[in-house]
1. Looking at (1) surrounded by fewer than 17 Cβ atoms within 10 Å (Cβ to Cβ); (2) among the aliphatic types (A, V, I, L, M); (3) closer than 23 Å to Gln117 by Cα, can you tell me which one Leu53 breaks?
2. Considering only region 35-77, state which residues are of a type outside the set (A, V, I, L, M, F, W, C), assigned to a helix (DSSP H, G or I) and under 15 Å from the mean Cα position of the chain (by Cα).
3. Cβ-Cβ distance below 6 Å, separation of 6 or more or different chains: which pairs start in region 24-44 with a residue that is in contact (Cβ under 8 Å) with a residue 24 or more places away in the chain and closer than 20 Å to Leu109 by Cβ and end on one that is assigned to a helix (DSSP H, G or I) and among the small types (Gly, Ala, Ser)?
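Throughout, read-outs are computed from the coordinates displayed, never taken from laboratory work. Quick caveat, the model's predicted, so the values are computed rather than measured. Virtual Cβ from ideal backbone geometry, glycine too; neighbours counted across all protein chains shown.
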Amino acid sequence: MPAPPTATHRGHRAIRTAIALQTLAAFAQAITAGLLLSRPDAGPLHSAGAYTLFFVAVAHLILTVVVWRPGGGPPGPILPAVAFLGLTLAQVALGIAGVRTVHVPLGVLMVALSALQLAGIGSGRRVRPAAAP
């Protein structure tokens, strides 16, 4: 019979869920951005997506801090959460300013970074090569 999950295990699961929601929200933003480029009336949908992505990024950061609390977990996941929130704030400012030449590529980068984070790349996990026979 498997052992019950620990608080740290539940915290890591919550962070992974937040990253999954963050990735989904970032991907949805790419879709609404495409709609916005072809249909000017898609602006409110893209704006709502921006608010959603912002709140999910804030929740992700809060979860990483709560899990990290003394005795909780490693502080490593905090840096990517802070960086993503910073990119989200920059993205909002660039979008409001209408700087599409930076806003669009930064959005693509954010989707990729969030997907990589979800996949566990850069999380400190290392794949060890198999021992030689």
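1. (1)
2. Our first condition is that a residue be of a type outside the set (A, V, I, L, M, F, W, C); within region 35-77, this holds for 38-41, 43-44, 46-47, 49, 51-52, 60, 64, 69-77.
In the following step, the residues that additionally are assigned to a helix (DSSP H, G or I) were identified as 38, 40-41, 43-44, 46-47, 49, 51-52, 60, 64.
Once the filter is applied, which keeps residues that are of a type outside the set (A, V, I, L, M, F, W, C), assigned to a helix (DSSP H, G or I) and under 15 Å from the mean Cα position of the chain (by Cα), region 35-77 yields Gly49, Tyr51, Thr52, His60, Thr64.
3. Final answer for the pair search is Ala26/Ser114; Ala28/Gly49; Gln29/Gly49.
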